[in-house]
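Everything below concerns the one structure shown next.
The values are calculated or read from the model by the stated rules, or taken from the named source; none is laboratory data. Computed from a prediction, not measured in an experiment: that's the story for all the values here. Note: ideal-geometry Cβ built from the backbone for every residue, glycine included; neighbour counts use all protein chains shown.
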Amino acid sequence: MAIGLISNTILKPYCSSSSDDNDDDYESAIPNNDVLVPLTIFDKAAFDLHVAVLYAFNPPMPSNEVLKEALSKVLVHYPHLAGRFTTDNQGRTCIILNNAGVRVTETYLPTTLAKQLPFHPSRDVSHLLPPVEGIEELCQIQLNRYACGGLVIGLTSHHRVADGQSMSSFFVAWAKFVRGLKIDPLPYHDRFAISVPRNTPKVEFDHNSIEFKKSTISPDTTPVFSSSIETLIIHYSTEFTNKLKAKVVEENNCNPHQRFSTFECLLSHAWKKVTQARGLDLEECTQVRVAVNGRARIKPAVPMEYFGNLVLWAYPKLKVKEVLNESHAYIAKAIHDEVARVDDKR
């Protein structure tokens, strides 16, 4: 697919002037005089990479100029995304709030968006995203405009700056500015409030062997995967999901008051199918990793508007023979119970 480059620039946060009527809306919550914000323990536990996301919008859509102006204004409230990584005099990795800006690329595709949708996970969509190797920007936006007026926004952001909850809030805030609305509530930026050490220090869970465990796999021993492996997106219909949930309820008749979420039911199904395909020994242990939003689970609770990383992990673990032979309700309960155990101590 031919794609034409229109522009590739650095967009900085909005700078107010005395002629603006509503400058109070764009006063940063954090003074950005090259303030250094050390990464929290949760930031350090996040993957050291850029996360890429595509958002597709059918026409009509606002112009690129409207989108860029709104982006510039919303960055005032999300200054970490416009900063850069650096190291302080103690050797700690920090985000410097220097308003260096985000990279914005504009492209044009001489086709209609309808002809391209739905997208499939392949290298064919990589041209819709900014490159993620060897860059210093913590956030990048690519505005891919189609001949029909449709738009695909390719966004990359460094995971050690913010988690999925935070980036979703950022995107919603950007959309509000595009529509001329205010952000309410504003993002919460007190990173120190979530990382106050206990007095006296007390270790109750071995995080070093889980989130901070260093890989022991050398490049020489890394397995070479077959080129036949493909990435798939599976869509479960509403009918299938409802039948699966009804089955879980029926299997769980010994405890009718316990309810399982749609996620827990679908994960129990996927865990069964993947384990069956792997052909493991029945006595082996298998586990899944479930991301858990820690904002409401740590004490004291942190506002959902907190911008940063606050993902905790649950690790439901079962023997292969349990996953294959036990009911969906049995597996859903194992997932539910392990997620429920996640709190401010583990």
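Remarks
- Criterion (at negative phi and out of contact with any strand residue (DSSP E or B) (no Cβ under 8 Å at 6 or more places or on another chain)) met by exactly one of Cys148, Cys94, Cys139: Cys148
- Of all residue pairs spaced 6 or more apart or on separate chains, those with beta-carbon atoms under 6 Å, a first member in the range 132-143 that is in the same structural domain as Phe85 (by the TED database) and within 21 Å of Ile6 (Cβ to Cβ) and a second member that is part of a strand (DSSP E or B) and not β-branched (Val, Ile, Thr) are Val132/His50; Glu137/Arg103; Cys139/Ser157; Gln140/Arg103; Ile141/Leu155; Gln142/Gly154; Leu143/Glu106.
- Check on Asn325, in contact with a Leu (Cβ under 9 Å, 6 or more places away or on another chain), surrounded by fewer than 16 Cβ atoms within 10 Å (Cβ to Cβ) and not aliphatic (A, V, I, L, M): yes
- Qualifying residue in the range 81-101 (condition: more than 20 Å from the chain's Cα centre (by Cα), acidic (Asp, Glu) and not in a helix (DSSP H, G or I)): yes
- Count - residues of the range 144-174 that are out of contact with any helix residue (DSSP H, G or I) (no Cβ under 8 Å at 6 or more places or on another chain) and assigned to a helix (DSSP H, G or I): 8
- Residue match in the range 114-134 (condition: in a strand (DSSP E or B) and under 18 Å from the mean Cα position of the chain (by Cα)): no
- Matching residues, the range 281-295, being closer than 16 Å to Leu312 by Cα, surrounded by 11 or more Cβ atoms within 10 Å (Cβ to Cβ) and of a type outside the set (S, T, N, Q): Val288, Val290, Ala291, Val292, Gly294, Arg295
- Matching residues, the range 258-286, being assigned to a strand (DSSP E or B) and closer than 12 Å to Ile331 by Cβ: Thr286
Table: residues versus (1) surrounded by fewer than 18 Cβ atoms within 10 Å (Cβ to Cβ); (2) closer than 21 Å to Val342 by Cβ.
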| position | (1), (2) |
| --- | --- |
| Thr231 | yes, no |
| Ser237 | yes, no |
| Lys245 | no, no |
| Val248 | no, no |
| Trp271 | no, yes |
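- Test: Ala277 is over 24 Å from the mean Cα position of the chain (by Cα), among the hydrophobic types (A, V, I, L, M, F, W, C) and surrounded by 14 or more Cβ atoms within 10 Å (Cβ to Cβ): no
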